[in-house]
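The values are calculated or read from the model by the stated rules, or taken from the named source; none is laboratory data. Note that this is a predicted model, so its numbers are computed, not measured. In this analysis, Cβ positions are derived from the backbone assuming ideal geometry, glycine residues included, and neighbour counts consider all displayed protein chains.
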Amino acid sequence: MNIKKIHHVAYRCKDAKQTVEWYGRHLGMKFVLAIAEDQVPSTHEPDPYMHIFMDAGGGNVLAFFELPNSPPQGRDEATPAWVQHIAFEVASVEELEATKARLQAAGIDVVGVTDHTIFKSIYFYDPNGHRLELAANTGTPDMYQRLDAVKWEMLVEWSETRRAPRHAAWMHEKEFA
């Protein structure tokens, strides 16, 4: 079997209409589909929901479920907030910086621009509490090749020690030579 692509990823939302409007206004995503049922097709549980789908570009779809009969959504408290996020690629650092300014002008708190060496990014939250990242690639072919060459060594070392391997320390030490 070969996976063709991600069909969609789904998260929960507090208000489907608000979510569609927010993603359209702030991230330019088009609303592509809505499905509403009173019964879950896979389990046949009686649980009404609204399932919305947003175009995330490049054939990618971001979906949300509004579940009015379920308890309020929470988050995995055992996982730091910075870990769970949805990252979207933008075309350039200039677009990233312009979007940051536009989000801040709309009253949205933004962290960054953060330099990850091979990309720069900003972080903020949607109205449902999901952490979002916008990233603009800045790496060179040489940087990506260097990372590719050590990925398995890094993974094996991490698996054995649970300590950060130093194979790609150049990314944070700014030693690109």
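Miscellaneous remarks
- Meets criteria (more than 30 Å from R25 (Cβ to Cβ), charged (D, E, K, R) and assigned to a loop (DSSP other than H, G, I, E, B)) for R75: no
- Subset of the stretch 54-79 (residues that are more than 14 Å from the chain's Cα centre (by Cα) and either at positive phi or of a type in the set (A, V, I, L, M, F, W, C) (or both)): G58, G59, F65, L67, A78
- If you go through the stretch 43-72 and pick out every residue that is in a strand (DSSP E or B) and not small (G, A, S), you end up with 15.
Let's see how each residue does on (1) in contact (Cβ under 8 Å) with a residue 60 or more places away in the chain; (2) of a type outside the set (D, E, K, R); (3) assigned to a loop (DSSP other than H, G, I, E, B); (4) surrounded by 15 or more Cβ atoms within 10 Å (Cβ to Cβ):
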site	(1), (2), (3), (4)
A101	no, yes, no, no
N128	yes, yes, yes, yes
M143	no, yes, no, yes
R146	no, no, no, yes
R163	no, no, yes, no
M171	no, yes, no, yes
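- Test result for F65, in contact with a Lys or Arg (Cβ under 9 Å, 6 or more places away or on another chain), more than 27 Å from N137 (Cβ to Cβ) and either touching a residue at least 24 places away in the same chain (Cβ under 8 Å) or not assigned by TED's automatic domain parsing to the domain that holds V113 (or both): yes
- Total residues in the stretch 23-49, condition surrounded by fewer than 19 Cβ atoms within 10 Å (Cβ to Cβ) and under 28 Å from A106 (Cα atoms): 10
- Output for the stretch 78-99, where each listed residue is in a loop (DSSP other than H, G, I, E, B) and under 18 Å from N137 (Cβ atoms): V90, A91, S92
- Residue within the stretch 104-121 that is of a type in the set (A, V, I, L, M), out of contact with any Lys or Arg (no Cβ under 9 Å at 6 or more places or on another chain) and in a helix (DSSP H, G or I) present: yes
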